[in-house]
1. Hey, could you grab the Kirkwood Rh for region 31-208? Inverse mean 1/r over distinct alpha carbon pairs, Å, one decimal.
2. Grab the other residues whose beta carbon is less than 9 angstrom from that of ILE72, score K and R as +1, D and E as -1, and report the net.
Amino acid sequence: MRRGLVAWTALLALAAPLSLAFPACTSKSGESATSASAASTSASAPQRSFVRTCEMSVYGTLDSPAWRKHSIIAGPFVFYYADQYAEQPASLFAPIPGQNGYYAGQKLVVLVRRDAVATVVVPESERSNAALLYNPADWNDRNTYRIADGESAVTFKACKKGETAPVGGPPNAMTQFNGGFVVAGVRCVPLEVLVRGREQTIPVRLSFGAGRCA
């Protein structure tokens, strides 16, 4: 398990270090809904995206306060310990031997501030190289994925203030969602974060073996 992921009560031991074969942690299936609106976005957001709700959240103790300097924060949305893959070897992101077009899933927990709704979008120009793996229906116990197996957009709906998530935790803690990415080789992956109530999108870049992304 990667650094910064401590004492996840909704996750059992994984079969492999980067496995995305998480045990069930939801009380209802995911929704498909219109993605968060924005006045303009370079991401060419799909009209619909997979939705993760409070009922589909997980919970674990955060590495406080160190996690903030290792994470990418986009308004109320956080890619928790997003720097963990920046200096990893290229072999981690290479095609799986003997399985052309298949790659290992790269686990990355996200956090969302209470009451917030945010949509993460992979720009159209990058959708042949990277995809989101936050839909539990996409996961498999082999941890082998094609880019087409993931999603180009996922909406995260945080728990409401004062609401206790089904998985437990403090009632006003940030809502946590497990999942990850599938990427085709070493690269900086540009993303857009669309936050409900904000006109402008928030651009971010995640590094997968590419060092510091400008």
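1. On the way: mean 1/r = 0.0607 Å⁻¹.
One decimal place: 16.5 Å for the Kirkwood radius.
2. Details: positive: ARG205; negative: ASP83.
Summing Lys and Arg as +1 and Asp and Glu as -1 gives 0.
Each value in this text was obtained by applying a stated rule to the coordinates, not by laboratory testing. Every value quoted in this text rests on a predicted model; they were computed, and no experiment measured them. All Cβ positions, glycine included, derive from the backbone under ideal geometry; neighbour counts span all protein chains shown.
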